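Below is one structure, written out as structure tokens, with a few remarks after it.
The values are calculated or read from the model by the stated rules, or taken from the named source; none is laboratory data. Note that the structure is predicted; figures quoted are calculated from it, not measured. Cβ atoms come from the backbone with ideal geometry, glycine included; neighbour counts cover every protein chain shown. Ligands, DNA and RNA are stripped out before the accessible areas are found, and what is left, the full protein with its side chains, is counted by its heavy atoms. Shrake-Rupley method; radii C 1.70, N 1.55, O 1.52, S 1.80 Å.
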Amino acid sequence: MRTLASAIFHVIFIVSMVVGCKTDKTADTTENSEGAQWWKEEIIYQLYPRSFQDSDGDGVGDLKGIISRLDYLQSLGITAVWLNPIYSSPNDDNGYDVSDYRNIMKDFGTMDDFDQLLKGLHDRNIKLIMDLVVNHSSDEHEWFKQSRSSRENPYRNYYHWWNAERGKPPYRYSLFDVNHDAWMYDSLTNAYYLHYFSRKQPDLNWENPKLREEVYDIMKFWAEKGIDGFRLDAFQFAAKDTSYPAFPEGYEKNFTKYYAMQGNLHGYLKEMNEKVFSKYKVLSVAEGAGNSFEDAHQLVDADRKELHMAYAFEGVDIAKPEGYSLLVFKEVFSRWDSAFAEKGWLSIFLGNHDQARMVSRFGNDDPAYRSASTSMLNTFIMTMRGTPYIYNGDELGMTNAGFTSIHEFRDVQTLNEYKRLQLTKGDLAAYLKKIQASSRDNGRTPFQWDNSKNAGFTTGTPWIKVNENHVDINVALQEKDPNSCLNYFKKLVQLRKDHIASLVYGKYTLLDKNNPDIYAYTRESDREKLLIVLNFSKETKSLNPGFGLQKAQILLSNLSTNPVITNETIQLAPYQAVIYKL
Ligand code: NOJ
């Protein structure tokens with residue numbers, strides 16, 4: 001019997017090797033000592049439910065709306081959806097203030113809708129990653145209601161309290177508070193509670209084992225439903241030194257250094273891994289990766305048994321309202337790649353719901369260049385090592401909102417900062433200019449399905465204004481146009497799936513490092529070598545990759561005309577992106 005089993009095994013092995021050689025679809029694990037894993041091969045589409053599709057005319061996106069668009073998601077070819085929070089919430093921060101972790105927000109629908117959504121995704125081979133918001137809850141969560149009711153309440157230690165008779169607590173910076181003060185006085189028990197985000201988002205006390213058990217139970221509840229992963233919101237801030245030492249003056253300019261990766265954070269992650277992640281087939285990614293490569297490695301190296309992949313911000317933080325330098329961009333992404341070439345794993349992204357739109361920040365949203373530059377940026381995301389994340393609308397080249405009045409903004413952070421400036425007599429005009437370029441609301445306007453009044457998002461009044469350019473940028477138009485950035489995006493997704501060994505796992509080598517306009521690199525497995533050339537400029541630019549291109553074959557190009565190659569020099573049109581097989 002043993003010999004027969006081993007003979008069968010050998011036949012299967014040889015057949016799979018032969019098939020692998022032909023297609024390059026199978027992973028070659030030699031490039032990364034931690035090996036091939038399903039979660040490295042995912043192509044993740046981030047979906048902002050509030051703005052995706054409204055089904056009942058109340059102006060707010062909902063789960064039934066998403067269900068009605070499942071075929072669209074499938075048509076993209078993406079393999080997983082990361083859904084921003086959909087739990088019960090008073091919506092101070094669009095769902096990042098959870099009042100019941102086991103229920104669905106009323107605006108979004110019911111648990112039946114959720115079950116149907118999950119099934120619909122799974123029927124289409126799309127995984128579902130949920131946002132887990134457990135650095136803080138809503139102040140309307142039952143735990144907090146109990147906690148604030150008396151100092152003796154069993155839930156008191158679910159949150160961070162400082163009794164007022166001790167005097168004022170050491171200053172803590174709040175990212176969203178009107179006064180930037182993270183301690184909020186509550187007269188009911190004459191004490192302050194801690195909130196790194198808004199006043200309605202009190203921080204949970206991870207140092208309390210009971211709280212941790214509650215969170216693991218919540219995670220198991222969703223894992224048992226069959227979801228496929230968790231994105232841990234703001235989790236790098238979860239552990240705290242509860243003696244609340246004073247931080248140096250001005251620390252808030254670099255608050256991550258004081259807030260991230262503190263205390264026993266890794267102990268909690270190891271515990272979470274043991275109690276939850278290790279028991280289910282779920283992907284895990286934390287928002288933020290600390291302050292250094294070492295921090296990031298400690299989160300994700302396989303032997304640490306904590307999380308799967310880092311989601312680091314240095315790359316996305318490069319673009320400022322006044323622009324950015326491609327040389328810096330190349331340096332940052334290359335440095336991160338090399339730091340994770342052997343161990344650990346990264347997320348690759350250029351946009352999300354906390355950022356202005358990708359094309360407005362990193363590309364060129366002028367109608368003449370919008371489509372090409374969007375496709376060029378998506379080529380970058382889909383050809384780098386790491387798990388790619390595409391934010392909804394970036395497949396279409398959706399742009400910044402174009403708001404001109406503060407009344408058009410909805411985001412708690414944007415609005416509280418405006419109020420703060422009003423109170424302190426700050427420069428409101430300068431602030432308005434700044435948020436036009438950088439407010440998170442730029443990435444939150446309704447998804448543009450067609451050119452009808454509200455872009456096909458709602459029949460009611462949208463919770464946030466639809467971008468006027470929906471008449472030109474929308475799914476209906478782009479589906480019909482074979483050269484649209486939507487159709488190009490679908491080809492990119494397919495290409496990544498067809499070249500897993502090189503594009504997911506293969507070695508990355510930067511070329512022509514000092515070229516200020518073109519980003520060029522190779523991705524290489526032991527079966528093939530691909531060359532990716534991206535013109536980040538609105539002018540024609542050229543590149544000498546440093547090797548002959550006689551045999552180079554174009555696998556994909558975002559423009560209908562192919563680049564001219566003379567000798568060893570490639571000339572690229574504005575925002576041209578080409579993937580060659582060498
Ligand atoms: C990060 C989330 O991405 C953001 O949208 C939210 O406001 C904060 N965490 C607080 O939960």
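On the basis of being at positive phi and within 16 Å of the ligand (Cβ to nearest atom), does H180 make the cut? I'd like the intermediate steps shown before the answer.
On the way: at positive phi: yes; within 16 Å of the ligand (Cβ to nearest atom): yes.
For H180, the condition - at positive phi and within 16 Å of the ligand (Cβ to nearest atom) - is met.
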Legend entry - Positions within the range 43-86 being assigned to a helix (DSSP H, G or I), touching an Asp or Glu at 6+ places or on another chain (Cβ under 7 Å) and touching a residue at least 60 places away in the same chain (Cβ under 8 Å), in sequence order: L76
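A quick yes/no check of all residues on (1) touching a helix residue (DSSP H, G or I) at 6+ places or on another chain (Cβ under 9 Å); (2) polar (S, T, N, Q); (3) over 28 Å from D366 (Cα atoms); (4) in a loop (DSSP other than H, G, I, E, B):
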{"site": "A455", "(1), (2), (3), (4)": "yes, no, no, yes"}
{"site": "W463", "(1), (2), (3), (4)": "yes, no, no, yes"}
{"site": "Q478", "(1), (2), (3), (4)": "yes, yes, no, no"}
{"site": "N483", "(1), (2), (3), (4)": "yes, yes, no, yes"}
{"site": "L510", "(1), (2), (3), (4)": "yes, no, yes, no"}
{"site": "Y521", "(1), (2), (3), (4)": "yes, no, no, no"}
{"site": "K538", "(1), (2), (3), (4)": "yes, no, no, yes"}
{"site": "S542", "(1), (2), (3), (4)": "no, yes, no, no"}
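Applying the selection to the range 495-521, what residues are closer than 20 Å to S373 by Cα and among the polar types (S, T, N, Q)? Before the answer, list the steps.
Start the filter on the range 495-521 by keeping residues that are closer than 20 Å to S373 by Cα, which leaves 495-496, 515-521.
Residue satisfying the conditions is N515 alone.
Of the residues I129, I67, which single one is of a type in the set (V, I, T), open to solvent by 30 Å² or more (accessible area, probe 1.4 Å), at pLDDT 95 or above and within 30 Å of K490 (Cβ to Cβ)? Break it down stepwise before answering.
Values: I129 fails: open to solvent by 30 Å² or more (accessible area, probe 1.4 Å).
After ruling out the rest, the residue left standing is I67.
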Inset, instruction - Quick one: in the range 97-112, of everything that is assigned to a helix (DSSP H, G or I) and surrounded by fewer than 24 Cβ atoms within 10 Å (Cβ to Cβ), which residue is nearest to the ligand (Cβ to nearest atom)? - result: D107
Legend entry - Meets criteria (of a type in the set (S, T, N, Q), touching a residue at least 60 places away in the same chain (Cβ under 8 Å), at negative phi and not in a loop (DSSP other than H, G, I, E, B)) for S138: no
Inset, instruction - Please work out which residue is surrounded by the most Cβ atoms within 10 Å (Cβ to Cβ), limiting yourself to the range 537-566 and to residues that are under 30 Å from the mean Cα position of the chain (by Cα) and among the polar types (S, T, N, Q). - result: N558
Inset, instruction - Please tell me if S138 is within 16 Å of the ligand (Cβ to nearest atom) and over 21 Å from the mean Cα position of the chain (by Cα). - result: yes
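In this structure, does K491 turn out to be open to solvent by 50 Å² or more (accessible area, probe 1.4 Å) and under 24 Å from the mean Cα position of the chain (by Cα)? Give the steps one after another, and end with the answer.
Numbers: open to solvent by 50 Å² or more (accessible area, probe 1.4 Å): yes; under 24 Å from the mean Cα position of the chain (by Cα): yes.
Yes: the conditions hold for K491.
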Legend entry - Residues satisfying the stated conditions in the range 243-301, i.e. of a type in the set (F, W, Y) and more than 21 Å from Y196 (Cα to Cα): F277, Y280, F293
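Residue by residue, here is whether (1) within 23 Å of Y216 (Cα to Cα); (2) away from the ligand (no atom under 16 Å from the Cβ); (3) touching a Cys at 6+ places or on another chain (Cβ under 9 Å); (4) of a type in the set (F, W, Y) holds:
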| residue | (1), (2), (3), (4) |
| --- | --- |
| Y72 | no, yes, no, yes |
| N84 | yes, no, no, no |
| G95 | yes, no, no, no |
| F114 | yes, yes, no, yes |
| L128 | yes, yes, no, no |
Inset, instruction - Under 8 Å between Cβ atoms, at least 6 apart or on separate chains: pull out the pairs that start in the range 463-479 with a residue that is closer than 20 Å to G57 by Cα and end on any residue that is among the β-branched types (V, I, T). - result: W463/V60; I464/T445; K465/T445; V466/T445; N467/T399; N467/T445; N467/I473
Legend entry - Scan of the range 569-582 for residues that are under 21 Å from Y508 (Cβ atoms), surrounded by fewer than 20 Cβ atoms within 10 Å (Cβ to Cβ) and not hydrophobic (A, V, I, L, M, F, W, C), ordered by number: K581
Legend entry - Any hit, the range 142-165, residues being within 16 Å of the ligand (Cβ to nearest atom) and open to solvent by 10 Å² or more (accessible area, probe 1.4 Å): no
Inset, instruction - Would you mind telling me which numbered condition in (1) closer than 21 Å to E249 by Cα; (2) in contact (Cβ under 8 Å) with a residue 12 or more places away in the chain G167 fails? - result: (2)
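Here is a list: K275, K305. Which entry is surrounded by fewer than 16 Cβ atoms within 10 Å (Cβ to Cβ) and either touching a residue at least 12 places away in the same chain (Cβ under 8 Å) or among the polar types (S, T, N, Q) (or both)?
Values: K275 fails: surrounded by fewer than 16 Cβ atoms within 10 Å (Cβ to Cβ).
The unique qualifying residue is K305.
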